[in-house]
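Here the structure comes first, spelled out in structure tokens, and everything after it is commentary.
The values are calculated or read from the model by the stated rules, or taken from the named source; none is laboratory data. All of these numbers come straight from a predicted model, not from anything done at the bench. So basically every Cβ, Gly included, is an ideal-geometry build from the backbone, and we count neighbours across all protein chains shown. Heads up: the accessible areas ignore ligands, DNA and RNA and are worked out on the full protein's heavy atoms, side chains in. Shrake-Rupley method; radii C 1.70, N 1.55, O 1.52, S 1.80 Å.
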Amino acid sequence: MATIKEIATLAGVSRGTVDRVLNNRGGVSEATAKRVQEIADRLNYKPNRAGLILAARKKKIKIGVIVFEASNPFFDDVLAGVHAKAQELDGYNVSLLIRQVPFDELAQFNTMEELLAEGINGLMIAPYNSLYIAAEIDRFTDMGIPVVTTNSDILSKRIAYVGCNYFLSGQVAAGLVGRMTHGNDICVGVITGSVHVLCHTERIAGFMDIIKREYSHIQVTEPVENHDNDTESYEVVSQLLEKHPEVNVLFFTAGGVLGGCNAVLDHNRADSIQIFTYDCVPSTVELIRQNVICATICQNPFQQGYLPFHLLVHNLLEKQKPENELNYTDLSIKIKENL
């Protein structure tokens with residue numbers, strides 16, 4: 001493994017100069033810094049772990065985490081991944097500032113500003129999909145604060161995304177519906193979290209792509225939003241069933257599943273409606289066991305918390321961009337028999 005001394009010798013500079021270049025401390029001419037960095041890259045230089053710990057202790061790294069509000073239990077598993085990584089980094093002097101916000105552009109923007117004021121060095125965020133939030137992520141990046149998106153992505157200068165391939169997950173859902181329903185009188189009611197969350201809209205896009213190409217006999221209603229809230233989901237599903245009594249399949253693209261399923265039960269439609277969802281939160285598992293939900297597609301939320309935190313700390317300590325910009329988590333289908 002290459003050392004700072006070897007790099008200094010090859011570059012014809014002092015070890016202190018190499019240290020300043022590799023740790024972005026400034027005070028080195030652009031030409032010298034470029035030469036040192038090229039040599040370090042060629043030798044595949046990696047800082048030793050003891051040095052990383054020492055550097056972290058000096059820096060007192062703060063990582064901001066913004067995910068959606070606690071009404072969606074999916075994010076409990078995401079945060080479990082965050083805390084697991086935090087335990088691994090015990091001794092690195094890395095602190096967490098976790099915020100959970102509603103599906104609201106201004107709330108998320110204000111939270112980003114609050115974390116900025118608290119001096120965060122990096123940000124992990126499940127973004128509200130808007131130009132306003134994208135511009136704020138770009139501003140963070142331009143200020144030297146790396147951003148990793150999780151669960152949902154956004155077109156921005158973020159350094160990486162961790163989450164499922166949501167268009168593909170929508171296609172998988174369509175394949176499930178197509179194979180697990182029978183007859184020509186199939187009508188799917190779509191319940192989504194928010195049209196301002198990219199993973200929700202892309203799941204619908206993937207779903208419709210397969211339905212149109214392979215299951216054109218299946219009818220699909222206009223999506224309704226529940227903002228991952230069980231109370232709101234109960235209301236919108238009740239209204240959907242009253243407006244479209246022909247609906248015999250429900251496709252939930254996000255949270256609010258428990259509230260929506262309770263509406264189905266209260267309308268005495270459990271025997272005539274097949275339900276397909278995402279994620280394996282406890283309430284969804286129980287509804288599968290009760291034969292209320294046919295199948296759910298899981299996307300490894302733990303990894304969606306663990307890996308973004310890892311990528312941010314790695315970037316901040318070693319000054320290296322993630323090897324992969326898109327880090328897709330595995331999809332798995334759960335039915336009653338394999339819970």
Checklist entry - How far, in degrees from 0 to 90, does helix 105-117 lean away from the longest principal axis of the Cα atoms of the chain, to the nearest 10? => result 20 degrees
Next on the checklist: Please compute the contact order of the chain in relative form: average sequence separation of alpha-carbon pairs under 8 Å and at least six residues apart, divided by the residue count, as a percent.
Outcome noted: 18 percent
Item to check | Anchor Lys319: lysines whose Cα lies under 21 Å away (excluding residues fewer than 8 positions away in-chain) | outcome: Lys5, Lys34, Lys46, Lys58, Lys59, Lys60, Lys62, Lys85, Lys157
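What do you get when you divide the Cα radius of gyration of segment 117-163 by 2.2 N^0.38 Å, with N the number of residues? Kindly include the intermediate steps, with their values, before the conclusion.
Values: Rg = 9.7 Å, N = 47, 2.2 N^0.38 = 9.5 Å.
Segment 117-163 yields a ratio of 1.02.
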Checklist entry - Mind checking which aspartates and glutamates have their C-alpha under 18 Å from Lys336, skipping anything on the same chain fewer than 8 residues away? => result Asp271, Asp279, Glu286
Item to check | Histogram of C-alpha separations across segment 242-334, 5 Å bin width, % | outcome: 3, 12, 20, 17, 12, 9, 8, 7, 6, 4, 2, 1
Checklist outcome for this item: Whole-Å distance linking the alpha carbon centroid of segment 262-339 with that of segment 24-43 is 44 Å
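Going highest first, how would you order 138-145, 103-110 by mean Cβ packing within 10 Å? Before the final figure, lay out the partial values.
On the way: 138-145: 14.5, 103-110: 16.9.
In descending order of packing, they fall as 103-110, 138-145.
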Checklist outcome for this item: Counting every C-alpha pair in the chain, the percent lying more than 39 Å apart is 26 percent
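Using just the helices of the chain, give the 222 nm mean residue ellipticity in deg cm²/dmol: DSSP H runs with n ≥ 4 each add -39,500 (n - 2.57), and the total is spread over all residues, rounded to 500.
On the way: 13 runs with 162 residues, N = 339.
Rounded to the nearest 500, it is -15000 deg cm²/dmol.
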Checklist entry - Net charge near Leu10, counting Lys/Arg +1 and Asp/Glu -1 over other residues with Cβ under 11 Å of its Cβ? => result +1
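When Lys and Arg each count +1 and Asp and Glu each count -1, what net charge do the other residues less than 14 Å away from Ile154, Cβ to Cβ, add up to? Before the final figure, lay out each step's value.
Details: positive: Arg139, Lys157, Arg158; negative: Glu105, Glu136, Asp138, Asp153, Glu202, Glu325.
Result for the local shell: -3.
Rounded to the nearest 5, what is the percent of antiparallel bridges among the DSSP beta bridges in the chain?
Details: 3 of 37 bridges.
Here the share of antiparallel DSSP bridges comes out near 10 percent.
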Checklist entry - ³J(HN,Hα) across segment 185-199 via Karplus (A = 6.51, B = -1.76, C = 1.60, θ = phi - 60°), whole Hz, x for Gly/Pro? => result 9, 9, 10, 9, x, 9, 10, 10, x, 7, 6, 9, 10, 4, 5
Next on the checklist: I need the peptides 332-338, 204-210 ranked by packing, meaning the mean over residues of other C-beta atoms within 10 angstrom, with the highest value on top.
Outcome noted: 204-210, 332-338
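Of the heavy-atom accessible surface of segment 156-217 (probe 1.4 angstrom), what whole percent is carbon and sulfur?
On the way: 1250 of 2360 Å².
With neighbouring chains kept in place, the figure for segment 156-217 is 53 percent.
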Item to check | Label point distance in nm, Ser29-Ile335, each placed 7 Å from Cα along Cα→Cβ | outcome: 7.0 nm
Next on the checklist: Just the number: Rg to Rh for segment 284-339, Cα atoms, Kirkwood Rh, two decimals.
Outcome noted: 1.22
Item to check | Hits among lysines - C-alpha to C-alpha of Lys243 under 25 Å, sequence gap 8 or more where chains match | outcome: Lys212
Checklist outcome for this item: Expressed to two decimals, segment 121-206 has a Cα Rg over Rh, using the Kirkwood radius, of 1.14
